[in-house]
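Taking it in order: structure first as structure tokens, then the write-up.
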Amino acid sequence: MRLARFPDKVLLTAKRYGMDLGRPLVLVSGGPDSVALLRVVVALGGEPVVLHVDHGLRGEESREDAEFVRELCRGLHVRCEVRRLRLDEGSNLQERARDERYGLAEEVATGMGLGVVATGHTADDVAETVLMNLARGTGLRGLSGIPPVRGKVQRPLIGSTRTEVLDYLRELEQPYRTDPTNLTGKYARNRVRLEMLPVLEELYPGAAGNIARAASLFREDLEVLEGLAIRVLERRGEEVVLPLDGLMELPSALQRHAVRLAYATLVPDAAPLPSHLVDAVLGLLEGGEGTRTWDLPGGVIASGRAGKELAFYTEPRSMDYGQEEIRAGGTVTFGGWRISAREPSGYDPVDAARPEVAYLDAGKGPYVVRMAREGDIIRPLGLGGTKKVLRAMMDRKVPSDLRRRTPVVVDRQGKIAWIVLGELDEHHKVDERMEKVLKLEVARIS
């Protein structure tokens, strides 16, 4: 390959996907892919800033990698930032290192006012990812491989193979570092790279590039299908919801896309949801009444509220959101809800009939909002006695997984005044004769 051809090919990829190579933050490990990326960006007239992340996992070799990148940048007159991260050995080490690296890159890019983070992923990386996802049992999202652009992250080499990268560096007489851990079978990706792809290349020359091109076609198909599936998706506060009526109107293939899309909306950087988990989520709608849940990767919970909807949300580390004081004339944001408060000139019974509105005796404030708890008691209007708050919600058929995630408004003595979207307490009611009232109005944050 002539020297000019490789940068030209990368430039075509950048133009195809709308990438900006003018002033990116380039992640450079010292390996061949990232070194080639840096050389290409410079050759195309870009003014990159380099970030090298030293994870400190290989002792002296890690320090030598960092020094190699510094020397490379000095020779190219490129600014170089070396940052160190310390990771303990343990499970999912590569995944944790990647997450930390991307988080640090985002922080550095933002601090320097750079809008692009460029990485050296190639067509071979795409092929490896597709094969691994296929083996796990994935749908079109997994078969789409690594996206060329995601947020700030751009991958200009994604249309080029690793062989082309090595040929380019050889013609430049550009040295690079080799991480010996990439040559062992310790990690699944290494085995795919070292054992599977060579066999496929022998059987079908150009296999890596062919798989990457197929992934690109899958990605285009996925965009069309998700465009159809997204029509039934709703965002309600902290939840992503698929109403049953809309979901059941879709063909089964689009139902699966809707589930994957809802999941990816909450955790966009997570691995695609495997097919068996998609089927498990759809199975939550079977079996009649009640609420059934399923724990998904990334801390996501899928809730099948039978006869109504599929909902997806991330479980907070603690269900105790604390509490927020409600002040007249102000707005409180709490647990996926927005609560506005004002003191109207009087009581409006028509307005008060709306479920998202409560008129309270202002004299029993200040009021606070918190989540419902076990043991909370309310005296609902017209009941003539008390009822447990969670029981009141159950009687209204509030799904079980929502009950402890529903706010209640509490007076200064700690008594429940209102269950949001539900019962009003008898002792806090107002009428036309009351001079000072507090009107609360709630809405889910979309």
(message) Can you tell me which condition ASP88 does not meet? The list is (1) touching a strand residue (DSSP E or B) at 6+ places or on another chain (Cβ under 9 Å); (2) modelled with pLDDT under 85; (3) among the acidic types (Asp, Glu), and all the others hold.
(response) (1)
(request) Please work out which one of (1) closer than 30 Å to ARG98 by Cα; (2) of a type outside the set (A, V, I, L, M); (3) in the same structural domain as HIS52 (by TED's automatic domain parsing) is the condition GLU202 fails and give its number. (result) (1)
(request) May I ask you to say which residue of TYR168, TYR176 is part of a helix (DSSP H, G or I) and either within 24 Å of GLU64 (Cβ to Cβ) or among the aliphatic types (A, V, I, L, M) (or both)? (result) TYR168
(message) Can you tell me which of (1) of a type in the set (Lys, Arg); (2) buried (at least 16 other Cβ atoms within 10 Å of the Cβ); (3) at pLDDT below 90 is the one LYS436 doesn't meet?
(response) (2)
(request) Would you point out the residue of the stretch 245-266, among those that are touching a residue at least 12 places away in the same chain (Cβ under 8 Å) and assigned to a loop (DSSP other than H, G, I, E, B), that is surrounded by the most Cβ atoms within 10 Å (Cβ to Cβ)? (result) LEU250
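A quick yes/no check of all residues on (1) in contact with a strand residue (DSSP E or B) (Cβ under 9 Å, 6 or more places away or on another chain); (2) not polar (S, T, N, Q):
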position: ASP124; (1), (2): no, yes
position: GLU128; (1), (2): no, yes
position: ASN133; (1), (2): no, no
position: GLY139; (1), (2): no, yes
position: LEU143; (1), (2): no, yes
position: LYS152; (1), (2): yes, yes
position: ARG155; (1), (2): yes, yes
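For the stretch 145-170: of the residues being charged (D, E, K, R) and out of contact with any helix residue (DSSP H, G or I) (no Cβ under 8 Å at 6 or more places or on another chain), which is farthest from VAL41 (Cα to Cα)? First the steps, then the outcome.
Applying the first criterion (charged (D, E, K, R)) to the stretch 145-170 yields 150, 152, 155, 162, 164, 167, 170.
This time we only want the ones that are out of contact with any helix residue (DSSP H, G or I) (no Cβ under 8 Å at 6 or more places or on another chain), so: 150, 155, 170.
Numbers: ARG150: 19, ARG155: 12, ARG170: 17 Å.
Across the stretch 145-170, the extreme among qualifying residues is ARG150.
Right, LEU440: within 30 Å of LEU233 (Cα to Cα), of a type outside the set (S, T, N, Q) and part of a strand (DSSP E or B) or not?
Details: within 30 Å of LEU233 (Cα to Cα): yes; of a type outside the set (S, T, N, Q): yes; part of a strand (DSSP E or B): yes.
For LEU440, the condition - within 30 Å of LEU233 (Cα to Cα), of a type outside the set (S, T, N, Q) and part of a strand (DSSP E or B) - is met.
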(message) What pairs come out if I take residues in the stretch 13-37 that are not assigned by TED's automatic domain parsing to the domain that holds GLU67 and pair them with residues that are among the aliphatic types (A, V, I, L, M) and surrounded by fewer than 22 Cβ atoms within 10 Å (Cβ to Cβ) whose C-beta lies under 7 Å away, six or more apart or interchain?
(response) none
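Out of all the residues in the stretch 291-300, is one or more in contact with a Ser or Thr (Cβ under 7 Å, 6 or more places away or on another chain) and hydrophobic (A, V, I, L, M, F, W, C)?
Narrowing the stretch 291-300 to residues in contact with a Ser or Thr (Cβ under 7 Å, 6 or more places away or on another chain): 291, 293, 299-300.
So of that shortlist, the ones also hydrophobic (A, V, I, L, M, F, W, C) come out as 300.
There is at least one residue in the stretch 291-300 that is in contact with a Ser or Thr (Cβ under 7 Å, 6 or more places away or on another chain) and hydrophobic (A, V, I, L, M, F, W, C).
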(message) Criterion first (over 18 Å from ILE419 (Cβ atoms), of a type outside the set (Val, Ile, Thr), surrounded by fewer than 16 Cβ atoms within 10 Å (Cβ to Cβ) and modelled with pLDDT of 85 or more) does GLY346 satisfy it?
(response) no
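Residues of the stretch 387-419 being in a loop (DSSP other than H, G, I, E, B) and surrounded by 20 or more Cβ atoms within 10 Å (Cβ to Cβ), which ones? Spell out how you get there, then give the answer.
So the first thing to find is which residues in the stretch 387-419 are in a loop (DSSP other than H, G, I, E, B), and the list is 396-399, 404-406, 411-415.
The answer is VAL398, PRO399, ARG405, ASP411.
Can you tell me which residue among GLU202, GLU220 is farther than 21 Å from LEU140 by Cβ, at pLDDT 90 or above and either touching an Asp or Glu at 6+ places or on another chain (Cβ under 6 Å) or not hydroxyl-bearing (Ser, Thr, Tyr) (or both)? Quick ask: steps written out before the conclusion?
On the way: GLU220 fails: farther than 21 Å from LEU140 by Cβ.
Matching residue, one of GLU202, GLU220: GLU202.
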(request) Select from the stretch 420-433 the residues that are in contact (Cβ under 8 Å) with a residue 60 or more places away in the chain and surrounded by fewer than 13 Cβ atoms within 10 Å (Cβ to Cβ) and write down the one among them that is farthest from the chain's Cα centre (by Cα). (result) GLU432
(message) Please go through the stretch 7-60 and give me each residue that is farther than 16 Å from GLY120 by Cα, under 29 Å from the mean Cα position of the chain (by Cα) and basic (Lys, Arg), ordered by number.
(response) LYS15, ARG16
(request) Hey, can you tell me all the residues within the stretch 288-297 that are in contact (Cβ under 8 Å) with a residue 24 or more places away in the chain and either surrounded by 14 or more Cβ atoms within 10 Å (Cβ to Cβ) or not in a helix (DSSP H, G or I) (or both)? (result) GLY290, THR291, THR293, LEU296
(request) Report, by residue number, each residue of the stretch 298-332 that is closer than 18 Å to LEU438 by Cβ and touching a residue at least 60 places away in the same chain (Cβ under 8 Å). (result) GLN323, ILE326, ALA328
(message) Just checking, does the stretch 267-287 include any residue being touching a residue at least 40 places away in the same chain (Cβ under 8 Å), within 27 Å of VAL442 (Cα to Cα) and assigned by TED's automatic domain parsing to the domain that holds MET248?
(response) yes
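Being more than 21 Å from the chain's Cα centre (by Cα), small (Gly, Ala, Ser) and surrounded by fewer than 18 Cβ atoms within 10 Å (Cβ to Cβ): is that true of ALA212 here? Break it down into steps so the answer makes sense when it comes.
Details: more than 21 Å from the chain's Cα centre (by Cα): yes; small (Gly, Ala, Ser): yes; surrounded by fewer than 18 Cβ atoms within 10 Å (Cβ to Cβ): no.
For ALA212, the condition - more than 21 Å from the chain's Cα centre (by Cα), small (Gly, Ala, Ser) and surrounded by fewer than 18 Cβ atoms within 10 Å (Cβ to Cβ) - is not met.
For the stretch 1-42, give me the residue count where each residue is part of a helix (DSSP H, G or I) and farther than 21 Å from ARG83 by Cβ.
Going residue by residue through the stretch 1-42, those that are part of a helix (DSSP H, G or I) are 5-16, 32-42.
The next check asks that each one be farther than 21 Å from ARG83 by Cβ; those that pass are 5-16, 32, 36, 39-40, 42.
Counting residues in the stretch 1-42 that are part of a helix (DSSP H, G or I) and farther than 21 Å from ARG83 by Cβ gives 17.
Can you list the helices (runs of 4 or more DSSP H) found entirely within the stretch 61-149 that contain at least 2 residues being in contact (Cβ under 8 Å) with a residue 40 or more places away in the chain and either over 22 Å from the mean Cα position of the chain (by Cα) or closer than 25 Å to GLY22 by Cα (or both)? First the steps, then the outcome.
Working: elements: 93-112, 123-136, 140-143.
So the answer is 93-112, 123-136.
The values are calculated or read from the model by the stated rules, or taken from the named source; none is laboratory data. Computed from a predicted model, the values in this text were never measured in an experiment. So basically every Cβ, Gly included, is an ideal-geometry build from the backbone, and we count neighbours across all protein chains shown.
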